[in-house]
1. Pull up all non-local amide H partners of Thr359: gap of 5 or more, or a different chain, and H-to-H distance under 5 Å with H placed in the peptide plane.
2. Tell me the volume per residue, in Å³, of the convex hull enclosing the alpha carbons of segment 348-586.
3. Which trypsin sites (Lys or Arg not before Pro) in segment 207-266 pass both tests, a DSSP loop state and at most 15 other beta-carbon atoms within 10 Å?
4. If I take R0 = 25 Å and measure r between the Cβ atoms of Glu75 and Asn26 in this structure, what FRET efficiency does the formula 1/(1 + (r/R0)^6) give, to the nearest 0.05?
5. For Lys507, Lys2, Lys108, give the ranking by accessible area with the largest first, probe 1.4 Å.
6. Rounded to whole Hz and in sequence order, give me ³J(HN,Hα) for segment 420-428 from the Karplus expression 6.51 cos²θ - 1.76 cosθ + 1.60, θ = phi - 60°, writing x for Gly and Pro.
7. Probe 1.4 Å, all protein chains in place: accessible area of Met403 in Å², nearest 10?
8. Counting only C-alpha contacts under 8 Å and six or more residues apart, can you give the relative contact order of segment 258-337 as a whole percent?
Amino acid sequence: MKLNDKVAVANALKDLGLYLQIKGENSFKTRAYDIASERIAGLADDLGQLVTEKRLTELEGVGASIAAKITELVETGKMETLEQLKREYPPGILELLKVPNLGPKKAKVLFELLGVGTIDELEAACRANRVRDIKGFGQQTEEKLLAGIDVARRTKGTGRQLLADVLPRAEKLLEHVKKAPGVVRASLGGSVRRMRETVADVDIIASAEDPKPVFEAFTKHPDVREVLGQGDSKASVRLREGDLQVDLRVLPDADYATALHHFTGSKSHHIKLRGLAIEKGLKLSEWGVHRVDRSDAELRELEKLTVEDEAELYAMLGLDYVPPELREDWGEIEAAQKHELPKRLVERQDIVGNIHSHTTWSDGRASLLEMAQAAKAMGLRYYTVTEHSQTSSYAGGLSLDRMKEQWDEIDRVNEELDGIVLLKGIESDILEDGSLDYPDSVLEQLDVVIGSIHQRYSQNEDAMTRRVLNAFDNPHFQIWGHPTGRLLNRREPAPMRMEEILDKAAKKGVAIEINGCPERLDLKAEYVRLALQRGLKLVVSTDAHSVSELHQHLPLALAMARKGWTTKADVLNTLEAKAFVGALRGG
Ligand code: DGT
Ligand code: CA
Ligand code: ZN
């Protein structure tokens, strides 16, 4: 067995399908690889075992020929068909398909006529105006491809942008829409309102008697580069920055609540709600709530009901109000039925301490005094000083001597500043074997010890899991920093057995960080729920490297906390400094 890795096998099948599309194979055949890829990626069983027992063809969508290819890959580590295709085309050709508006058919033409095999080569060809002369392309296509290249580079091909990048642009446009003539109510909707960590586009919903002047104001906003379309109730634009698409829907105010609800999603949340509605003789749709005749197989709509706001809508269905962040069909509907949703999610005003941040002592950009003053200006009452540790020399990690020097400065700043307390701490590397980066005799002198992994992400699942489990055995290990190490659109989470790790954290009283760096947002919301189910405590942290990041990162960390159903009582940095330190390591 050379390659018992579902993700790698699924990716290989997917790539094979893409190559065959570029080659011009029929779509029936290429789709089969895509389907098989999905099947393998979502497999609950051990892939190696299925191969050994020759049971692959039992999987839906996996025929004999694909099963043979999977078997070849698992047993030899290679799939000859794929290797041949890789030799036939330049290595960057699949990257090309990540450019919006560029499918396999176009890629095939570009490769065959212009020899374009990478994104860089495509850019050069567009800039030299060589693309516009190809039949079926033209100048507009060339311009679109250039814009698409920009997006592909920034979103690293996922087509989804970071919530942190999108949110300020979306809020700015929302404020603009709110001020447009005749607007009664307006809100963000879609994945942005649900605080998904990445989003494909922005949805805004507004109410007004006459949509025209609202669309007029919207499409004329200086951030808008291009109007994609405008109808009776919807206008779509693309922004200059990030090529971001924004859809605005404008409805009469009587339809506002149901439209906002519909366009907030998520789709899976809605599907479940619709089922509940039918049981109550109601039909939920984009067009509002209608009473229906349940004896009629077609569920003919009777009268339309007025719905003032979303809370009323949930009440009609016999549910407690579900905050937008929770609408993912992660159990929130069942909880709302049983009145078991959190009564109040954690809010900005609950947070009284800044946890995890860096100054010029390590790789931060502001001094300790500046950071502390900024935290105080934010209304925070303590600030934990957590530079990088000695092994992270590339990030200015503190040697023992430097750490002791810093303690003197912390003491000085504490004397100088009123209204905020600096706590001595460290962000210690978790070394390869799970040990921390200073001796216990040093760690025990600190108020706050965060342990994070920064290097050797390539360890396998087993080694990585053991590394973290071992680290928790150190009694000075208090907070697990940016746990999975993921970087959105850039680096996958480190492979580890999260449930096993969270079980141990619960046993040892280790707190879990929700890190507000735009690319991290780590722990992610799904895991936050798992942590809370085990009674774990969280810290909502900024990991700020500058004053502006203190401001930017806190709301993002809070968004993830809320999305994971976190309440004030679950978060340690809602406690005052003394109680906070006392509560670390299970108090
Ligand atoms: P995104 O844009 O991929 O980041 O995620 P969303 O959730 O914003 O998705 P989007 O923009 O396609 O649609 C916004 C909301 O509109 C979505 O959350 C639910 C609703 N919606 C859109 N299309 C459908 C649909 O086909 N069925 C249902 N039930 N709802 C839909
Ligand atoms: Ca959306
Ligand atoms: Zn870190």
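The values are calculated or read from the model by the stated rules, or taken from the named source; none is laboratory data. Remember, predicted model here, so these are calculated numbers, not experimental data. Because the Cβ atoms are built from the backbone with ideal geometry, glycine has one as well, and the counts that use them run over all protein chains shown. To get the accessible areas, we keep the full protein, side chains included, count just its heavy atoms, and leave off ligands, DNA and RNA. Shrake-Rupley method; radii C 1.70, N 1.55, O 1.52, S 1.80 Å.
1. Amide H neighbours of Thr359, under 5 Å, 5+ apart: Gly364.
2. Numbers: hull volume 25.4 nm³, N = 239.
Taking only Cα atoms, segment 348-586 has a hull volume of 106 Å³ per residue.
3. On the way: sites: Lys220, Arg225, Lys234, Arg238, Arg240, Arg249; in loops: Lys220, Arg240.
Those satisfying the criteria are Lys220, Arg240.
4. Values: r = 29 Å, r/R0 = 1.15.
Computed FRET efficiency for Glu75 and Asn26 comes out at 0.30.
5. Working: Lys507 170, Lys2 145, Lys108 60 Å².
Highest to lowest solvent-accessible surface, that is Lys507, Lys2, Lys108.
6. 8, 10, 8, 9, 7, x, 8, 9, 7
7. Rounded to the nearest 10, the figure is 0 Å².
8. Numbers: 102 pairs, mean separation 23.6, N = 80.
Computed over segment 258-337, the figure is 29 percent.
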